[in-house]
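The structure appears below as structure tokens.
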Amino acid sequence: MQDIHRGIPSLAIVFFVLGTFAITWGILGSYILFPETTVSLFGEISSGHPLYFVATWAPAIAGLTLVVLYTGMRGLRAFLSRLLMWRCAPVWWLFIIVGIPLVFMAGSLLKGGSLLAPLPPEGVSPLLALMGMMLFLGPVEELGWRGVAQPILQRRMAPIWAGALIGAAWGLWHLPAFFLAGVVFADWNFLPFFIGNVTLAILVTPIFNSARGSLLLPMLFHWQLINPFWPDAQPWDTWILVGVAAVIAWWKRDSLFTRVGAVTEVVPTPLSGAARPASV
């Protein structure tokens, strides 16, 4: 029987990255390289296509697979208990609930837009349905990025560099979507998006460590980034977030630039982060 206290070895990060990219780039690459054959077999790709969900969930699929392989079902249950960890410094809850919407609103105003996304002719119902769907799309990625990759990388490097490295991988992982029609990325510019991904991964790092490895808070953070009620603020939202990240990196430099106190366990044990109080 697998021992959940054995945990996930650091070498598993290699298999996580390979699995994540293989799933997503394999699916999207098929639509790019063999469009006629792939469309004839699976239909046109879109943000609501089942294969698009699988491609989006690749980090979670790779991460959960590693957890089960190394620690079994008991380990998986312990891993998923991180979804129930909500305690952290109140400032991070405030940032997620209030700060992120304000960034989008400010960015929209700077480009001459509105405070909120315009309502469709059908009213608010379609946006509420889309908001619910988004909860089960992008945020699920965090089971892999913050669930597996962040703790492993923080064993070897300071949290800020772990976050930046994940952000770079996160941005590059999205690259094939920029070559597909029918998905939201088709009309975006990759460079600001890539910079934004690195910035966001750095921003979520002190939240993650303050909450002692919580999966709930990074998922809520991710959800706010794709909340359809917030207006289109590109590229201003990216540049505002870069400034916010710089301020937070300076403010939290004592914890971001050292591995002391950083969460390093993928599968929590009774004496690990779940039992320790949150820090500011």
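The values are calculated or read from the model by the stated rules, or taken from the named source; none is laboratory data. All of these numbers come straight from a predicted model, not from anything done at the bench. Please note: Cβ atoms are built from the backbone with ideal geometry, for glycine as well, and neighbour counts cover all protein chains shown. These accessible areas exclude ligands, DNA and RNA; they are computed on the full protein's heavy atoms, side chains included. Shrake-Rupley method; radii C 1.70, N 1.55, O 1.52, S 1.80 Å.
Observations on the model:
- Looking at segment 156-230, the helices (runs of 4 or more DSSP H) lying wholly inside it that each contain 3 or more residues that are modelled with pLDDT of 90 or more and either charged (D, E, K, R) or over 26 Å from G48 (Cα atoms) (or both) sit at 159-173, 190-210.
- Taken over segment 231-245, the residue count meeting the criterion of being within 24 Å of P176 (Cα to Cα), assigned to a helix (DSSP H, G or I) and touching a Gly at 6+ places or on another chain (Cβ under 6 Å) is 3.
Every residue, every condition in (1) open to solvent by 60 Å² or more (accessible area, probe 1.4 Å); (2) over 17 Å from the mean Cα position of the chain (by Cα); (3) of a type in the set (A, V, I, L, M), yes or no:
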position	(1), (2), (3)
W25	yes, yes, no
S40	yes, yes, no
G43	no, yes, no
I61	yes, no, yes
V68	no, yes, yes
R87	yes, yes, no
I96	no, no, yes
I100	no, no, yes
V103	no, yes, yes
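- Residue selected from segment 133-155 under the condition under 18 Å from V267 (Cβ atoms) and over 13 Å from the mean Cα position of the chain (by Cα), by the criterion surrounded by the most Cβ atoms within 10 Å (Cβ to Cβ): P151
- Residue list for segment 205-223, restricted to those being closer than 17 Å to P101 by Cβ and over 11 Å from the mean Cα position of the chain (by Cα): I207
- In the set (1) open to solvent by less than 40 Å² (accessible area, probe 1.4 Å); (2) in a helix (DSSP H, G or I); (3) touching a helix residue (DSSP H, G or I) at 6+ places or on another chain (Cβ under 7 Å), the condition left unmet by F53 is number (3).
- Hey, A249 touching a Leu at 6+ places or on another chain (Cβ under 9 Å), surrounded by fewer than 20 Cβ atoms within 10 Å (Cβ to Cβ) and over 30 Å from G29 (Cβ atoms) or not: yes
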